[in-house]
Amino acid sequence: MDLTHRPRRLRQDRVRGLVSETSLEPADLIAPVFVDATTDERRPIETMPGHERVPIDEAVARVEEVLETGVEAVMLFGIPESKDPEGTRAWAADGVVQEATRRITAETDAYVITDVCLCEYTDHGHCGPLEEELRGEDVTEGGPACDPIRTVDNDATLEALDRIAVSHAEAGADMIAPSGMMDGMVAAIREGLDREGFEHVPIMSYAAKYESAFYGPFRDAADGAPAFGDRRHYQMDPANAREAMREVRLDVEQGADVLMVKPALPYLDIVADLRREFDHPVAAYNVSGEYAMLQAAAEKGWLDLEDVAHESLLSIKRAGADLILTYFAEDVAAALSS
Ligand SMILES: [Zn+2]
């Protein structure tokens with residue numbers, strides 16, 4: 001029996017830490033924060049236990065709670081006071097994200113990243129203004145009877161994204177994160193930011209964002225479910241990995257500073273591919289469905305929440321992510337620091 005090689009030698013308690021290949025730090029994590037202009041009190045999000053939508057007046061307090069755990073960055077999502085077909089409240093100087101950003105950057109040291117998209121601001125819930133032939137249809141009551149082959153007007157959306165990004169930067173956003181998967185979105189935003197003197201503001205592109213069923217709970221949180229159809233004509237097909245590299249390369253060419261994969265756990269192969277192919281920082285979005293299913297199992301007593309949350313985030317880093325957006329940010333960071 002040849003037992004020259006005994007891997008167990010390095011699994012003894014005092015050496016395990018020395019040979020550990022992956023570490024997870026609070027500074028790796030970004031906490032999503034939902035600011036809601038339609039409410040003046042905190043509202044729990046039922047499908048995401050422990051998370052809530054907060055009114056603008058509570059935005060600073062909410063971010064301070066995040067910072068206390070050791071997490072240093074937040075991603076802001078806004079629920080506007082009103083919606084329309086064009087999503088005009090998305091770039092309003094007194095919009096929900098703009099106002100929250102101004103207050104948070106004035107009163108805290110948080111690194112503020114803003115989500116740039118239109119789905120929370122359009123009355124039809126799609127990520128941009130609709131194609132001409134769909135405009136004027138009653139899209140809020142079940143939608144056009146026809147199968148919408150093409151939903152969002154890509155190029156009209158680019159103009160809106162430019163405006164939104166500039167309005168966020170003017171409010172003090174530290175980083176801009178476009179999530180709509182429109183062709184050319186990074187270039188349009190880079191051009192807008194540079195034109196207005198925000199050359200120093202980086203772009204974290206949702207570069208490989210899949211049309212995933214794991215987003216369900218977020219749609220409750222941000223009130224952004226499409227009123228008709230789905231997002232498969234702009235978000236990626238879950239079947240495709242090679243296409244992700246093409247998509248991401250385009251964003252790199254357009255000047256993306258950080259490359260994101262969304263969701264995370266069902267797409268760790270894509271995270272690993274990105275890590276191999278590009279030198280840029282890679283972000284992964286551990287999405288609401290990934291959070292909700294662990295919460296539900298823990299509620300039933302079937303899994304230990306703290307352990308599975310930590311292991312999930314560790315595996316995302318091991319696959320190659322440098323930073324992780326996650327609803328577990330505060331809990332995991334607090335556990336790491338204690
Ligand atoms: Zn969107």
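Things to note:
- Sequence ranges 50-59, 25-34, ranked by mean other-Cβ count within 10 angstrom, highest first: 25-34, 50-59
- Taking Cα atoms only, the orientation of helix 305-319 departs from the longest principal axis of the chain by about 80 degrees.
- Kirkwood-based Rg to Rh ratio, the chain, C-alpha trace: 0.99
- Per residue, the accessible area of region 22-337 comes to 41 Å² when a 1.4 Å probe rolls over the protein heavy atoms.
- Whichever lysines have a C-alpha closer than 22 Å to that of LYS209, once near sequence neighbours (fewer than 8 apart) are set aside: LYS262, LYS317
- Helix axis angle, 59-68 relative to the chain longest principal axis, alpha carbon, degrees: 10 degrees
- Angle in degrees between helix 154-171 and the longest Cα principal axis of the chain, rounded to the nearest 10: 70 degrees
- With a cut-off of 14 Å between beta carbons, the residues surrounding GLY320 carry a summed charge of -3, where Lys and Arg count +1 and Asp and Glu -1.
- Theoretical ellipticity at 222 nm over the chain - DSSP helices of four or more residues, -39500 (n - 2.57) apiece, nearest 500: -10500 deg cm²/dmol
- Integer Hz, Karplus 6.51/-1.76/1.60 couplings in order for region 83-89, x for Gly and Pro: 10, 8, x, 8, x, 5, 5
- Per-atom-type breakdown for the chain gives carbon and sulfur 46% of the accessible area (1.4 Å probe, protein chains only).
- Taking amide H positions as modeled 1.01 Å from N, with prolines and chain starts lacking one, the residues under 5 Å from ALA73 and 5 or more places away or on another chain are ALA31, TYR111.
The values are calculated or read from the model by the stated rules, or taken from the named source; none is laboratory data. Being a predicted model, the structure only gives us computed values, none of them experimental. Here Cβ is always computed from backbone atoms with ideal geometry, including for glycine, and neighbour counts include all displayed protein chains. For accessibility, only protein heavy atoms count, side chains too; no ligands or nucleic acids. Shrake-Rupley method; radii C 1.70, N 1.55, O 1.52, S 1.80 Å.
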